[in-house]
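A short worksheet on the structure shown next.
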Amino acid sequence: MADNIVVEVEERTDLGKNASGRLRRAGKVPGIVYGLDRPPFAVTVNPRRLTEVLRLETGKNTILNLSLVGQERTRAVMIREIQRDPVTDLPLHVDFVRLDLEKAITVAVPVRLVGLPVGVKTEGGLLEFVTREIDVECLPGEIPEHVDVEVSELHVNQNVHVSDLKVGERIKVLTPMDTIVALVALPKEEAAPAVEEAAAVPAEPEVIKKGKEEPPAEKS
C-alpha cells in the first residue's frame with residue numbers, strides 16, 4: 001500500500017531539454033506528476049530510489065507516496081511511464097499519475113504459468129506463453145501482483161484462455177476472454193530425409209541432340 005512506500009521528490013522549476021540534461025548529469029531523473037484534473041507538477045527523483053521501487057514484485061503497479069522535500073504533504077501515485085536510454089537502459093524521465101484510492105483505475109497485470117503441462121512431459125510438445133499480461137480495472141489497493149493459471153493438465157494442441165484466469169470478484173478483466181494465454185504445440189517437423197537425400201544426388205547430365213543450327217537473327 002501507499003502508506004508503506006515513500007519516495008522523496010524535489011520541485012523542478014528549470015524546464016526544457018537542456019535543463020533535463022543537466023539534471024541527469026547531476027545524477028537526478030526529471031519527472032512530472034499529473035492526473036485528477038489538477039495541473040501537472042515538475043519534479044526530480046533519485047534514480048536509485050526509482051530502481052528500488054521497480055524491483056518490487058508489484059513493479060510499475062506499486063502504489064507509493066510522493067513526498068515533496070521541504071513539505072509534509074504526500075500524494076498517492078503510481079508510475080505511469082518511464083523513458084529509458086536505449087543503450088544504457090538508465091531512466092531518462094518518469095511520469096507519475098495521481099491516484100484517488102476510492103476510484104478504479106486500469107492497469108496491466110502480469111500472468112504466471114503454474115505447473116509443467118503433461119503435453120510437454122510425455123507427448124513431446126512445447127509450451128508457448130502467448131499473453132504475458134492482461135488489462136484489468138479495479139481499485140488501486142486491490143491490484144493483484146500477478147494472476148496465476150494452472151497449465152499442468154494441458155495436452156498437445158490444447159490451450160488456456162483469459163476466460164480461464166481466476167481473479168478477485170471486484171476485479172474487472174478488460175482483455176478479451178477468448179485471448180489465448182498459453183498453448184502446447186508440437187515442434188515443427190524437420191525436412192524429410194528422403195527429400196534431403198534427393199537434393200544431394202547430382203542431376204543426370206542433359207543429353208543435347210544434334211540438329212540443324214538455327215540461323216542468327218537478323219539485325220534490324
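The values are calculated or read from the model by the stated rules, or taken from the named source; none is laboratory data. These numbers were taken from a predicted model, which means no experiment stands behind them. Because the Cβ atoms are built from the backbone with ideal geometry, glycine has one as well, and the counts that use them run over all protein chains shown.
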With the condition kept exactly as written, say whether any residue in segment 24-43 is modelled with pLDDT under 90, assigned to a helix (DSSP H, G or I) and either over 19 Å from the mean Cα position of the chain (by Cα) or in the same structural domain as ASP135 (by TED's automatic domain parsing) (or both).
-> yes
At pLDDT below 90, part of a loop (DSSP other than H, G, I, E, B) and either touching a strand residue (DSSP E or B) at 6+ places or on another chain (Cβ under 9 Å) or exposed (fewer than 14 other Cβ atoms within 10 Å of the Cβ) (or both) - does that describe any residue in segment 89-103?
-> yes
Please give the number of the condition ARG132 fails out of (1) of a type outside the set (Val, Ile, Thr); (2) over 24 Å from ILE171 (Cβ atoms); (3) modelled with pLDDT of 95 or more.
-> (2)
Could you list, in sequence order, all residues of segment 119-135 that are farther than 18 Å from VAL160 by Cα and touching a residue at least 24 places away in the same chain (Cβ under 8 Å)?
-> GLY124
What's the number of the condition LEU154 fails, among (1) in a strand (DSSP E or B); (2) without any contact (Cβ under 8 Å) to a residue 60 or more places away in the chain?
-> (1)
GLN71: passes all of (1) outside any loop (DSSP other than H, G, I, E, B); (2) over 17 Å from the mean Cα position of the chain (by Cα); (3) closer than 30 Å to GLU11 by Cβ but (1)
Where residues in segment 55-75 are among the hydrophobic types (A, V, I, L, M, F, W, C) and surrounded by 15 or more Cβ atoms within 10 Å (Cβ to Cβ), which of them is farthest from GLY16 (Cα to Cα)?
-> ILE63
Find the residue count for segment 105-118, including only residues that are among the hydrophobic types (A, V, I, L, M, F, W, C), free of Cβ contacts under 8 Å to residues at least 60 places away in the same chain and closer than 21 Å to VAL173 by Cβ.
-> 5
Just to be sure, is GLU189 in a loop (DSSP other than H, G, I, E, B) and either at pLDDT below 95 or farther than 14 Å from PRO110 by Cα (or both)?
-> yes
